[in-house]
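Step one of this worksheet: look at the structure below.
The values are calculated or read from the model by the stated rules, or taken from the named source; none is laboratory data. A quick note: this is a predicted structure, and the numbers were derived from the prediction, not measured. Every residue, glycine among them, receives a Cβ derived from its backbone with ideal geometry; neighbour counts consider all protein chains shown.
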Amino acid sequence: MSFGGIGDRISTRVTNRVGRWQDSARQARAGINAPKPPVRVETGPTAPDWVYRLGCLVFGVLTIIALAPGVVLIVILSALLLVVLIRPSTATAGVFGGVLGLFWMIDPSRPNSLAQFVILALVPAVWLLSGTIAELPLRTRIELSVLRAPALRFLVLQIVGQPVLILAELLQARSTGIDASFAGAVVLTIVVIMAIAAWLVFPRFSHDE
Amino acid sequence: MKGKWWPATGLAITIIIAMVVFLLGMLTGRLQAVALAMVLLLGCGWSLLRRPRQTGTISLTTRSGTTSESRVGATVVWQAAPGADALRFRTTAPGHRAVDTVVVAPRRSPGSGPEESRERAIPISIRTARTGRRPIFTVDHQERYGAGLLTASGDTAGPMSITVLPRATSLREVPLPYRLSGLTGPHDSRRAGDGNDLRDINLFTPGDRLRRIDWRVTARRNGLGPPGSGPTITDLYVRRTHATADAAVMLVLDSRDEVGPDLTTWNDSSSIAEDMATSLDNARAAALTMARRYLKAGDRVGLEDLGRMHRPVPPSGGQRQLQRLSMRIALAEPEGEPRARNRPPRMPSGALIVVFSTFLDDETWHLAQLWHGAGHRVLAVDVLPEPDLRNAPRRLVTAYRIIAMERKDRLSALARSGVEVIDWTTAGDHPVQVTLAALTRKRVRR
């Protein structure tokens with residue numbers, strides 16, 4: 001057994017390994033220098049997925065501003081909003097809206113204030129928008145007209161939700177005590193259920209018209 | 001259309017959270033939180049109750065008029081399910097980056113019922129320098145509804161095979177075979193016969209047409225007769241012309257291998273970039289260019305595909321032959337390990353043989369020499385693209401240099417033996433048109 005033979009083998013292995021690294025680096029460089037062109041898809045006006053995520057961010061930040069919570073709550077809500085941005089879906093946005101609803105319960109806005117209107121409008125907006133772009137890569141091209149159906153649903157929810165809340169709060173303001181609160185909530189529930197039933201039964205408001 | 005929609009996780013999570021907020025709001029009398037929860041519950045209920053009952057279908061169709069251009073296209077036809085909001089699809093094509101797209105469902109026409117499906121066509125295309133029949137587009141798709149609260153099962157359409165015809169360029173002059181054949185055609189043969197160009201003036205013989213009599217020559221050659229009797233005509237002279245003939249051309253396409261400019265793809269033709277024409281793409285374009293030029297001139301053209309052990313397309317003329325050749329040339333492709341030939345393919349007598357090959361092995365070189373030895377005029381068209389050595393590993397470059405030297409020797413030997421060698425990929429001072437025009441003026445002694 002000669003030590004020279006071992007040395008040769010080691011040097012050969014090292015040379016081969018280095019050669020392979022050089023080859024793979026060369027091929028990687030070639031891939032970077034000549035990126036693949038995309039397939040052309042002819043659609044209507046589109047925007048990339050990240051624009052819609054940006055919309056979620058704007059709506060979420062405005063909601064937090066409208067709620068005007070303390071520092072700890074801002075951190076918690078921002079973290080939840082970050083999760084929505086990273087992985088948009090109705091699940092993550094639902095969690096964001098639920099936690100925000102709990103905090104809103106603890107520290108409610110003034111009745112019939114702008115903050116109340118904004119929060120009740122923007123939380124469903126974040127929820128619907130994040131659901132629309134759920135499970136899509138960042139570079140996905142999304143037709144702007146895809147927003148038509150969620151926008152219609154959003155409008156209907158707002159047309160039902162905002163006046164009902166105003167009415168319920170007016171009703172609650174006329175009375176005092178726990179009974180009044182409970183009566184207001186019951187009225188609110190009944191009205192909303194009736195609104196749902198009316199919407200589902202009434203054919204003129206079919207969701208895709 | 002019988003696919004299934006099922007609730008997504010987001011629906012369950014939203015309902016649970018909204019219910020918790022709703023109940024707590026009810027207990028504490030916080031109407032704002034209750035309203036927020038109710039709005040979310042209303043959205044969930046709406047999506048769930050008005051969900052689509054079926055899923056749509058996706059099909060891929062080719063777009064006419066795009067298969068011979070540099071851009072190859074197809075159409076994604078979406079038969080949308082009633083109630084579906086949008087379609088998400090990912091289009092993949094070889095050598096291209098996959099693209100994710102979400103498109104809106106088509107609107108219902110005013111007269112259609114609510115359960116009637118709607119159709120939308122979405123054009124897709126890629127830019128390519130490649131030709132032939134290849135699977136190109138694959139579309140993974142999934143319908144969407146209700147802000148992702150309900151999901152449908154996805155599916156895949158394709159891959160769809162598209163035949164991309166090679167593009168023929170125009171040629172002005174092309175060489176002819178040593179010997180023309182046939183009794184009619186666009187070229188003048190050496191035989192005397194019915195043609196246009198004057199061959200000679202000869203005495204009238206049985207079989208000559210009367211309209212060919214040249215009366216001036218006849219009057220000049222026949223002298224005056226006895227005085228007072230006027231001229232006497234004893235011999236008639238006719239103008240003889242060269243007969244016309246056509247050329248028989250056999251295109252020999254070497255489809256046994258397909259290599260691109262990138263050396264690293266020589267062992268795997270499927271990884272060749274789309275914007276680079278391979279040797280077979282060059283061969284197809286060259287063969288179709290030559291075929292079109294000869295057929296337009298009225299000659300007969302046939303095709304022999306060395307990659308297939310099939311009968312050749314016999315020489316024939318006309319537009320229909322051009323269409324037949326176009327399709328055969330486009331469909332020529334390597335089929336596994338090429339089998340060895342025991343004898344060279346038989347060629348029509350006196351035909352011009354044009355061999356389109358990379359000459360990376362001895363087979364076509366040997367065949368070209370055999371045909372040349374049998375008396376055919378043989379053109380060897382080199383279709384190997386200029387190799388790109390920039391990204392090739394050193395050992396691959398070394399291997400290529402050895403192969404290139406052998407190939408150069410082969411082409412030199414062909415040129416020495418009398419086979420005319422043309423480089424189809426040459427650009428600059430000596431493009432193919434110039435080379436072919438020079439060959440038409442070349443005097444060849446047999």
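Table for the structure above
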quantity	calculated
Search result, residues across region A:28-60 that are surrounded by fewer than 15 Cβ atoms within 10 Å (Cβ to Cβ) and at pLDDT below 85	A:Ala28, A:Arg29, A:Gly31, A:Ile32, A:Asn33, A:Ala34, A:Pro35
Selection status of B:Glu274, within 13 Å of the chain's Cα centre (by Cα), in a loop (DSSP other than H, G, I, E, B) and farther than 26 Å from B:His187 by Cβ	no
Of all residues making up region A:134-167, the number that are within 20 Å of A:Phe96 (Cβ to Cβ) and modelled with pLDDT of 90 or more	0
Test result for B:Thr91, facing another protein chain (nearest Cβ under 10 Å), in a strand (DSSP E or B) and either in contact (Cβ under 8 Å) with a residue 40 or more places away in the chain or over 29 Å from A:Pro88 (Cβ atoms) (or both)	yes
Count of region A:128-152 residues which are more than 7 Å from chain B (Cβ to nearest Cβ) and either in a helix (DSSP H, G or I) or among the aromatic types (Phe, Trp, Tyr) (or both)	6
Number of the condition not met by A:Leu128 [criteria: (1) surrounded by fewer than 20 Cβ atoms within 10 Å (Cβ to Cβ); (2) at pLDDT 90 or above]	(1)
Region B:259-302, subset modelled with pLDDT under 85 and charged (D, E, K, R), residue surrounded by the most Cβ atoms within 10 Å (Cβ to Cβ)	B:Asp262
Subset of region A:41-50 (residues that are farther than 17 Å from A:Pro137 by Cα and at the interface with chain B (Cβ under 7 Å from one of its Cβ atoms))	A:Glu42, A:Thr43
Strands (runs of 3 or more DSSP E) wholly inside region B:113-179 containing at least 3 residues that are away from chain A (no Cβ under 14 Å)	B:132-145, B:155-164
Subset of region B:341-364 [touching a strand residue (DSSP E or B) at 6+ places or on another chain (Cβ under 8 Å) and without any contact (Cβ under 8 Å) to a residue 60 or more places away in the chain]	B:Phe359
Residue tally, condition hydrophobic (A, V, I, L, M, F, W, C) and more than 8 Å from chain A (Cβ to nearest Cβ), over region B:42-57	2
Region A:51-79: number of residues that are β-branched (Val, Ile, Thr), within 14 Å of chain B (Cβ to nearest Cβ) and within 23 Å of A:Ser113 (Cα to Cα)	1
Failed item in (1) touching a residue at least 40 places away in the same chain (Cβ under 8 Å); (2) within 7 Å of another protein chain (Cβ to nearest Cβ); (3) farther than 22 Å from B:Ala152 by Cα, with B:Gly29 passing the rest	(1)
Residue selected from region B:180-204 under the condition in a loop (DSSP other than H, G, I, E, B) and not assigned by TED's automatic domain parsing to the domain that holds B:Tyr237, by the criterion farthest from B:Asp299 (Cα to Cα)	B:Leu183
Of all residues making up region B:285-330, the number that are in a strand (DSSP E or B), closer than 22 Å to B:Ala245 by Cβ and not small (Gly, Ala, Ser)	6
Failed item in (1) assigned by TED's automatic domain parsing to the domain that holds B:Pro82; (2) within 30 Å of the chain's Cα centre (by Cα); (3) β-branched (Val, Ile, Thr), with B:Val174 passing the rest	(1)
Criterion (of a type in the set (Ser, Thr, Tyr), modelled with pLDDT under 90 and surrounded by 13 or more Cβ atoms within 10 Å (Cβ to Cβ)) met by exactly one of B:Thr425, B:Thr440	B:Thr425
Residue that is more than 16 Å from B:Thr14 (Cβ to Cβ), crowded, with 23+ Cβ neighbours inside 10 Å and either within 11 Å of chain B (Cβ to nearest Cβ) or touching a Pro at 6+ places or on another chain (Cβ under 8 Å) (or both), where the choices are A:Ile106, A:Ile119	A:Ile119
